[in-house]
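The values are calculated or read from the model by the stated rules, or taken from the named source; none is laboratory data. It should be emphasised that the depicted structure is a prediction, and the values quoted were computed from it without experimental measurement. Counting neighbours? That spans all protein chains shown, and the Cβs are built from the backbone with ideal geometry, glycine included. Only protein heavy atoms, including side chains, enter the accessible area calculation; ligands, DNA and RNA are left aside. Shrake-Rupley method; radii C 1.70, N 1.55, O 1.52, S 1.80 Å.
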Amino acid sequence: MKDPSTENLNPPLTEAQVIANLRQTEDFSDQYYAAWWLGRMRSRHPETIPLLLTALDPLHGNPIHNERRAVALNAIRALGILQATNAEEKLRILLKKNDYSIREESARSLGMIQAQSAVLDLCELLSGGPEETEQIQPGSAKLKEPYESVLEALGAIGVASRSVIIIITPFTKHSRPLIRASACRALLILTGDQKWAPPLIELLQHDDPLIRRGVLLDLGATGWMPALPAIQAAAIENSLKLVALRGLAEKSEDTCVLDAMDGLL
Amino acid sequence: MINISPLEGAIADLQAAKTTPELIRATKSLCNLHTVDAISALIEVLGFNNPAVASVATAGLIELGSQAVPSLLVSLDEKNYGSRAWVVRALASIRDPRSLDLLEHALATDIAPSVRRSAARGLAELNLIYPEESSKLNRCLLALLAAIKDDEWVVRYSTIFGIEMHLLRYNSTNKDQCILGLKQLSSNSESIKVIRLRATLALQRINAS
């Protein structure tokens, strides 16, 4: 994510000021920055979550005010980072909005919150045959749904029911490598079945560095310890390997991962 | 027929190189000459914004060791944080005490987390072995202690690594302060789990020694 903080370094804002900036509705750039800041700084102020939830309301307007939409997108991300369980209901409703980015960010945040109540809604976004899930939308490179973030969310939530597994599995054959990776990542987490790991390790050798980077983070998120040597050896910058290994360390709590991280500093 | 030296040849290859494999090959042959005359060309490569090539050049500079330090110390590019990260990484690995000022400044002020991260590692590993250098050692430790409050988790992580290294190797008058800092990073007031894990591990190792 771009770090807007450097522009605002002088003078540094206090949490109380940031809260006030989010509450006011005159200056959208102040609100936008405040919504980002509260997540980034993991604010625990009692007003933080209520104000972030309020910032979602303009998404139900018609037409949606463009700048308020940008503030709301940051609020969705912040609610995920803050693991605001009382945002579940509102975020689930947003999964049905006619706005790809809103659905994408809401799915991701529901995953971070580990919202079990959202599993059915998320699965619904995965429905449809290959002709539907491979269909590129007119005028953009996007597909019908934000499949990567939905698949990631289902993995993070961790409900490994038969129906969830059945709906995820076809995506391991999707034409887009990062969607295949997200599906394998989710299935590896949900089932613990190691057969989903080799496709990820293989994609780590892909020619496109963007794909290698995405897959590296997927492997880290699975917490699958045998991936450690492959992550260490990947042709990717150390900064990103450290992020992937952070995922592996936090899931596995294995000190081998910490030693590997020390070696990449 | 014009005779050109191997160095001139390697530099000409580097200038003619267009693709990443060509750049890597040319940079490798420059490194293989093991000569101080290649230093400025290798440092230039760090600014190409090509990690695969820069990592080869950095390895070459690290191999040249202390001879490369004077040139590295004057080559920080204010506008290119990628290049700064490589320079700081090379200096951190060479471990020459002349890098102290630069590393201290980089950890405290650089806007790029990857630069601060490498600077923290460098301050942990500077080659300060003589008794008269104890004040410099203390400067390293104080710089690391201040970075415990860094906003970026990866810089805090690198700082924990550095503090652990210092406390395991040297007697420090600031030991209590360091342990207090590590305890804070291992507690729930720290929001990032991997930081709590690493700080807990550091405390275990320090207590065991």
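What to note about this one:
- Selection from the stretch A:151-205 of residues that are among the hydroxyl-bearing types (S, T, Y) and farther than 23 Å from A:A118 by Cβ: A:S175
- Any hit, the stretch A:249-260, residues being over 30 Å from B:S83 (Cβ atoms), open to solvent by 50 Å² or more (accessible area, probe 1.4 Å), β-branched (V, I, T) and within 12 Å of chain B (Cβ to nearest Cβ): yes
- In the stretch B:161-171, the residues that are at the interface with chain A (Cβ under 10 Å from one of its Cβ atoms) and either outside any helix (DSSP H, G or I) or within 22 Å of B:V69 (Cα to Cα) (or both): B:G162
- Checked against (1) part of a loop (DSSP other than H, G, I, E, B); (2) within 19 Å of A:L79 (Cβ to Cβ); (3) without any contact (Cβ under 8 Å) to a residue 12 or more places away in the chain, A:K97 passes all but a single condition, namely (3).
- Output for the stretch A:122-136, where each listed residue is over 12 Å from A:I167 (Cβ atoms) and touching a residue at least 12 places away in the same chain (Cβ under 8 Å): A:P130, A:E132, A:E134
- Just one of the numbered conditions (1) open to solvent by 50 Å² or more (accessible area, probe 1.4 Å); (2) away from chain B (no Cβ under 12 Å) is not true of A:I231: (1).
- Residue count, the stretch A:188-238 (criterion: among the hydroxyl-bearing types (S, T, Y) and over 20 Å from A:A260 (Cβ atoms)): 1
- Those residues of the stretch B:86-113 which are more than 25 Å from B:L168 (Cβ to Cβ) and crowded, with 24+ Cβ neighbours inside 10 Å, in sequence order: B:W86, B:V87
- The sole residue among B:L144, B:L182 that is within 17 Å of the chain's Cα centre (by Cα) and farther than 20 Å from A:N238 by Cα is B:L144.
- Residue check for B:L123: open to solvent by less than 20 Å² (accessible area, probe 1.4 Å) and touching a Leu at 6+ places or on another chain (Cβ under 7 Å): yes
- All positions within the stretch A:225-254 that are among the β-branched types (V, I, T) and modelled with pLDDT under 95: A:I231, A:I236
- Whichever residue in the stretch B:183-209 is more than 14 Å from chain A (Cβ to nearest Cβ) and part of a helix (DSSP H, G or I) and, among such residues, is least open to solvent (accessible area, probe 1.4 Å): B:I206
Residues checked against (1) on the phi < 0 side of the Ramachandran plot; (2) open to solvent by less than 20 Å² (accessible area, probe 1.4 Å); (3) within 14 Å of chain A (Cβ to nearest Cβ):
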| residue | (1), (2), (3) |
| --- | --- |
| B:L128 | yes, yes, no |
| B:K136 | yes, no, no |
| B:R139 | yes, no, no |
| B:A146 | yes, no, no |
| B:K149 | yes, no, yes |
| B:E152 | yes, no, yes |
| B:S158 | yes, yes, yes |
| B:N174 | yes, no, no |
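- Taking the stretch A:109-226 as the region of interest, none of the helices (runs of 4 or more DSSP H) fully inside it holds 2 or more residues being open to solvent by 40 Å² or more (accessible area, probe 1.4 Å), in contact with a strand residue (DSSP E or B) (Cβ under 9 Å, 6 or more places away or on another chain) and charged (D, E, K, R).
- Single residue of the stretch B:1-32 satisfying the filter (open to solvent by 60 Å² or more (accessible area, probe 1.4 Å) and not in a helix (DSSP H, G or I)) that is farthest from B:N49 (Cα to Cα): B:M1
- So B:I39, is it modelled with pLDDT under 90 and more than 13 Å from the chain's Cα centre (by Cα): no
- Residue match in the stretch B:64-86 (condition: within 27 Å of A:A235 (Cα to Cα), over 22 Å from the mean Cα position of the chain (by Cα) and outside the structural domain of B:N127 (by TED's automatic domain parsing)): no
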